[in-house]
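Take a look at the structure set out below.
All of the numbers you see were taken from the coordinates with simple rules; none came from a lab. This structure is a prediction, so every number in the text was calculated from the model and none was measured. In this analysis, Cβ positions are derived from the backbone assuming ideal geometry, glycine residues included, and neighbour counts consider all displayed protein chains.
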Amino acid sequence: MSLPVRLLPSLVLLQFWAPVALAETLQEAEALALLQKIAGAARQLNYSGTFIYQHGDHVESSRITHFVDRSGEYEKLETLDGPKREIFRTENEIITFDGEHRVIKRERRTRRNSFPALLPDQLAHLTEHYLLRKGELERIAGYDAQALLLEPRDGFRYGHKLWAEASTGLLLKARMLDEKGHAVEQSVFTQLIIGAAVVRPVFVPSSSSSDRSRDPPSADSATPADTGWVVKDQPAGFRKIIEMKRFKAGSQTPVAHLVYSDGLAAVSVFVEPLPTSRKVPEGLTRQGAVNIYTRPLSDQLVTVLGEAPAVTVMQMANSVSPRGQ
Amino acid sequence: MDKISQLMDGELGEREARLQIRRLESDPSLTQAWDTYHLIRDALRDDICIGIDFERRLRQRLDGEPTVIAPHVHFASRVVRYSLPLAAAVAGIALVGWLALSSQPQSEHLAETKPQNPVAVAAAPASGQMSDYLLAHQEYSPTADLQGMASYVRTVSNEDRDPAR
């Protein structure tokens, strides 16, 4: 008795199945370790360089510096194209300056230390929703880089390809991909120094312009709190990681902010009273890989955004409701 | 659902297309999927936005219109049948109008309730607030944690700047 020819490939597949599955698990463990190394490197290393950010037809370059010593982390991002903007980030505060060193926004940071990069229990869930694989070695900005692929197992999240500097793990290049494999956003260093040569970024506005920044805006803030809101129908794997009330400087009305994550992508839900003074934009927009969806909900305005496909953001926005209803 | 997406892409033959359109009319969940697919496709292609309930609301308004023609047994279902392509046509007109009036496609919104008011469409009032929200979001995103400050480029990206600030 002979087997039909068409069954032969599946028999061959069966024979190799077990070792293949094992290899995948080993690859995932290795890839997870690399992911943690990347997250650690971003916070623990001193580095400074120029990088290119692109999505669609849009390309722009910026310079970033990360400096850390015993007193903490000091970071700066400076736009190199178009109007000048600088963002400084310390452990306590995020400050945005315009081209004349005037403060245009301040935000107090409160939760940083209790919110480490990539929580271990989230990493454990990551493999349920992404297939992790090590990629090839490539050369980026003069460094050897190890590629890492995170392929989503469903259509509710983007794929990621990351290139980490081979010895330190610092992320040199990152690309987010939609379900068809098209890049929705990419950022890549074109020039970079890592290590002792990096100096601490200066945070005070330059003296020549200090007179104009005499009256800087006071800081926005956020406090972890029960907001009374809940997302009832989030896609599989998205769990609430934090819930808080945000206060815009000078405003007594809090904005509810809930964050959901599948361990890699995050989606933020904002709920605030429907403004009466201005026209409210309604619908879907994009900023690079971030989809933003806004809709009124009785007398409230719901804004949901995250680096996730439109369907994820919209499904969550459409299922926001007061807790207990 | 696959058939619906094929219908949307014009991949179905005439007979199959008619069949799927009839399914669309009778099944609200398919109508919802139809809306969502269009919204997503529009957003992906052109960064424009038409509210998800556009077709449903238009249909409600059509249903609410006074009936001028003499009543007919099948009239109600015919309104529903015609409202779908009509909705698409109206959306198309609105889109053309919007394209003609707009010079900055990103982060602007098609004001579905007041398409006759181009000034309101072009105002994009919340872009400052949106960058506040983006900034707040980055703090808690694991993806942003991998990228360090690089992820903040979205909040200062020069294409999305509010000129009023």
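Legend: distances between Cα atoms for A:Lys84/A:Lys105; A:Lys245/A:Lys279; A:Lys180/B:Lys3; A:Lys37/A:Lys180; pairs beyond 26 Å are A:Lys37/A:Lys180.
Rounded to the nearest Hz, the phi-derived 3J(HN,Hα) couplings of the stretch A:267-275 under the Karplus curve 6.51 cos²θ - 1.76 cosθ + 1.60 (θ = phi - 60°) are 10, 9, 10, 10, 10, 9, x, 4, x, where x marks glycine and proline. Couplings for the stretch A:101-106, taken from phi via the Karplus curve 6.51 cos²θ - 1.76 cosθ + 1.60 with θ = phi - 60°, read 6, 8, 6, 10, 7, 10 Hz in order; Gly and Pro are left as x. For A:Ala266, what residues show an amide H to amide H distance below 5 Å, using hydrogens built from the backbone and excluding near sequence neighbours? HN-HN under 5 Å from A:Ala266: A:Glu307, B:Thr143. Peptide A:181-193 is shielded by partner chain Cβ atoms: per residue, an average of 1 of them sit within 10 Å of its Cβ. List the residues of the stretch A:234-250 whose backbone N lies under 16 Å from a point placed 7 Å from the Cα of A:Glu128 along the Cα-to-Cβ direction. From the stretch A:234-250, the list is A:234-241.
Here the 3J(HN,Hα) profile of the stretch A:182-190, calculated from phi with Karplus coefficients 6.51, -1.76 and 1.60 at θ = phi - 60°, is 7, 6, 9, 6, 8, 10, 8, 6, 10 Hz, Gly and Pro shown as x. Peptide packing: for A:85-97, A:188-200, B:10-22, the average count of neighbouring Cβ atoms within 10 Å per residue gives the ranking A:85-97, A:188-200, B:10-22, highest mean first.
Tally Lys and Arg at +1 and Asp and Glu at -1 over the other residues with C-beta under 10 Å from the C-beta of A:Ala174: what net charge comes out?
Residues close to A:Ala174 contribute a combined charge of +2.
Between the amide H of A:Glu93 and those of A:Arg109, distances stay under 5 Å, these residues lying 5 or more places away or on another chain, with hydrogens modeled in the peptide plane. Annotation for the stretch A:276-319: trypsin sites (Lys or Arg not before Pro) lying in DSSP loop with at most 12 further Cβ atoms inside 10 Å of their Cβ are A:Arg278. A straight line joining the Cα centroids of the stretch A:128-194 and the stretch A:45-95 runs 19 Å.
Derived from the Cα gyration tensor, the three semi-axes of the equivalent ellipsoid of the stretch A:248-325 are 21, 14, 13 Å, largest first. Against the compact-protein benchmark of 2.2 N^0.38 Å, the Cα-based radius of gyration of the stretch A:22-95 scales to 1.46.
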